[in-house]
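Below: the structure, in structure tokens.
No lab work stands behind these numbers, since they all come straight from the coordinates. The structure displayed is predicted, hence computed values, not measured ones. Here Cβ is always computed from backbone atoms with ideal geometry, including for glycine, and neighbour counts include all displayed protein chains.
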Amino acid sequence: MSYRDQTLKLSRIINLFEKLSFLFFWLKLFYPKAKGIPIIFQLYFFLPQKIFRINGRVPWPVHFTSRVFFYKNISIGNGTAPGMNSNCYIQGRNGINIGHNVKIGPGVGLISANHHFDDYDQWPEAPPITIGNNVWIGMNTVILPGIKIGDNVVIGASSLVTSDIPANSIAAGNPCKVIREKSTYKGKDYTQI
């Protein structure tokens, strides 16, 4: 079976579950912040997250190998679920604000607070991490405290984001730098859900 055939088959399955979404109305009680996340993904994460209680209090789907800390300090938009991919580390001690339609690859770290250099039991105050709408963060990327990422941005895999990234750009590297401008986002508008 070709990649295209597999993609079409997966799309049909997702569409079938969306048509039957009225049967799964109860998922909204467990995932109140999963607006724009397909029902099939919410069902997939339900058993390890809500029954076995791995990241059980987090109000959006999280993969059982990912960790989300200080979830109450994290605000997310529609179509966004930090930690939904495997092996992510999301730490919201100083706050994380994430916009609509932010796709986060496996192994990504969002670190809103570092340890104090002179006392490792202390965490200095820092501004929250802010990520705009329609952002794609590639695999194994690390975003440090206080970083601002604009709307319509792609961050390349294995990047270390140590400074702000402007809107409408593609950035990558260690340290992460803008490579070029990006054209306007043409996908679904998640602000209207």
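Distances between placed amide hydrogens fall under 5 Å for residue 135 paired with 102, 103, 152, 153, all partners being 5 or more residues away or on another chain.
Amide H contacts of residue 109 (H built 1.01 Å from N, in plane; Pro and chain starts excluded): 89, 141, 142, 143 sit under 5 Å, all sequence-distant by 5 or more or on other chains. Think of the chain as having a plus end and a minus end, set by charges on the Cβ of Lys, Arg, Asp and Glu; of 82, 115, 160, 82 sits farthest toward the positive end of this dipole. Annotation: amide H-H contacts under 5 Å for residue 162 (H modelled 1.01 Å from N, sequence separation of 5 or more, or interchain): 176. For mean projected area of the Cα convex hull in nm², pick the label among (i) 12.3; (ii) 11.3; (iii) 13.5 that corresponds to the value derived from the coordinates. This structure yields the entry labelled (i). Take 78-85, 4-11 and order them by the average number of nearby Cβ atoms within 10 Å per residue, most first; the result is 78-85, 4-11. Annotation: peptides 131-141, 18-28, ranked by per-residue average of other Cβ atoms within 10 Å with the highest first, follow the order 131-141, 18-28.
Using the Karplus relation 6.51 cos²θ - 1.76 cosθ + 1.60 with θ = phi - 60°, the per-residue 3J(HN,Hα) values for the range 78-84 come to 5, x, 10, 8, x, x, 6 Hz, with x marking Gly and Pro. Exposure proxy shown here: for 184, 65, the number of other Cβ atoms within 10 Å sets the order, fewest to most, as 184, 65. Assuming charge only on the beta carbon of Lys and Arg (+1) and of Asp and Glu (-1), the dipole of the range 1-64 about its Cα centre is about 160 debye to the nearest 20. Rounded to the nearest 20 debye, the dipole magnitude of the chain is 820 debye, with +1 charges on Lys and Arg beta carbons, -1 on Asp and Glu beta carbons, and the Cα centre as origin.
Along the axis of the charge dipole computed for the chain (Cβ charges of +1 for Lys and Arg, -1 for Asp and Glu, origin at the Cα centre), the listed residues 43, 8, 178 are led at the positive end by 8. A simple rule links phi to the HN-Hα coupling: the Karplus curve 6.51 cos²θ - 1.76 cosθ + 1.60 with θ = phi - 60°, which for the range 55-61 gives 6, x, 8, 5, x, 9, x Hz, with x for Gly and Pro. Of all DSSP bridge pairs formed entirely within the chain, close to 15 percent run antiparallel.
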